[in-house]
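Structure record follows, encoded as C-alpha cells.
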Amino acid sequence: MVEFEYAKALFDLAIEENKTELFLDYLNGITDVISSEKDFYKLIASPLVSMEEKLNVIHNVFHSFDETFIEFLCVLVKVDRFTNFEQITNEYSKLLSDFKSILKIEVISSEILTKQRLDEVTKSLEVRYPNKKLIIENTVNPKILYGLQIICNGESLDMSVKNMLNKMKESL
C-alpha cells in the first residue's frame, strides 16, 4: 500500500529527529483541518490550482510546523498523494504504536463493563499479548445481547450470545 510507504518514510525521519509524537500531533491536526475545512482540501486537490500556489498555501498555513514535516507535506502535494492523507495518518499511527509496543484493543460488550470485569479481561489479554502495553477501550453495543467481542489488529474474537445464536441457527 502506497500510504504505508509514505507513512514509513515520515516515521523514519521522525525517529531520526526524535519527533515521533510531534509528527503524529501534526498529522492528526491536519486530518482535523481536512475534515472541517472542505475548501482547504478542495484547493490542495484541485488540478486547476498551480503547484506553486498549492505549495505556497502549505508553507503559509503550516509555517509554525517543523521544516521536515512541511517538506513532507510538499512532497505529498507534488506527487498528488495529499488525497491519501487520512490513510497515511492511520498507517503512521500504527507504526508508532508498534514502535512503542502499544496494542489497541476494543472490547465490545452489551453494557459498560465493571472495573472488576474489565480487570479480568485485561489480565487475560496481557497473557495473550505479553511484552505489549495494552490500551483497552470498552465500547457498548446492546445488540450483542451478552458476552464480549474483542477486536485487535483487524482480528475479531466474538464471544457474544448473538454470535452463538447465529451459529446455532446456521447449523440447523
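Give the residues of region 12-28 whose amide nitrogen is closer than 17 Å to a point set 7 Å from the Cα of Glu71 in the direction of its Cβ. Counting only backbone N, you get 12-20, 23. In order along region 95-107, phi translates into HN-Hα couplings of 4, 5, 4, 4, 4, 8, 6, 9, 10, 8, 10, 9, 10 Hz, rounded to whole numbers, per the Karplus curve 6.51 cos²θ - 1.76 cosθ + 1.60 with θ = phi - 60° and x for Gly and Pro. Projecting label points 7 angstrom from Cα along Cα→Cβ for Lys8 and Asn153 puts them 1.7 nm apart. Qualifying GluC sites (Glu not before Pro) in region 91-172, where qualification requires a DSSP coil assignment and no more than 12 other C-beta atoms within 10 Å, comprise Glu111.
Say each of Asn60 and Met1 gets a label point 7 Å from the Cα, pointing the same way as Cα to Cβ; how far apart are those two points in nm? Spacing of the two 7 Å Cα→Cβ label points: 3.4 nm. Couplings 3J(HN,Hα) for region 45-52, derived from phi with the Karplus relation 6.51 cos²θ - 1.76 cosθ + 1.60 (θ = phi - 60°), are 8, 6, x, 7, 8, 5, 4, 4 Hz, where x marks Gly and Pro. Accessible area per residue for the chain, computed on protein heavy atoms with a 1.4 Å probe, is 64 Å².
Each of Thr122, Met51, Val79 was placed along the dipole of region 22-151 (beta-carbon charges, centred on the mean Cα), and the one lying farthest toward the positive end is Thr122.
Using only Cα atoms, tell me the angle between helix 161-171 and the longest principal axis of the chain; keep it within 0 to 90° and round to the nearest 10. The helix 161-171 is inclined about 80 degrees to the chain.
If you place +1 on the Cβ of every Lys and Arg and -1 on the Cβ of every Asp and Glu, how big does the dipole about the Cα centre of region 83-136 come out, in debye to the nearest 20? So the dipole magnitude of region 83-136 works out to roughly 240 debye.
Per atom type, the chain shows carbon and sulfur on 54% of its accessible surface, probed at 1.4 Å. Extending 7 Å from Cα along the Cβ direction at Glu120 and again at Met51 yields two label points whose distance is 6.2 nm.
The values are calculated or read from the model by the stated rules, or taken from the named source; none is laboratory data. What you are looking at is a predicted structure, and each value in this text was computed from that prediction instead of being measured. So basically every Cβ, Gly included, is an ideal-geometry build from the backbone, and we count neighbours across all protein chains shown. What goes into the accessible areas is simple: the full protein's heavy atoms, side chains included, and nothing from ligands, DNA or RNA. Shrake-Rupley method; radii C 1.70, N 1.55, O 1.52, S 1.80 Å.
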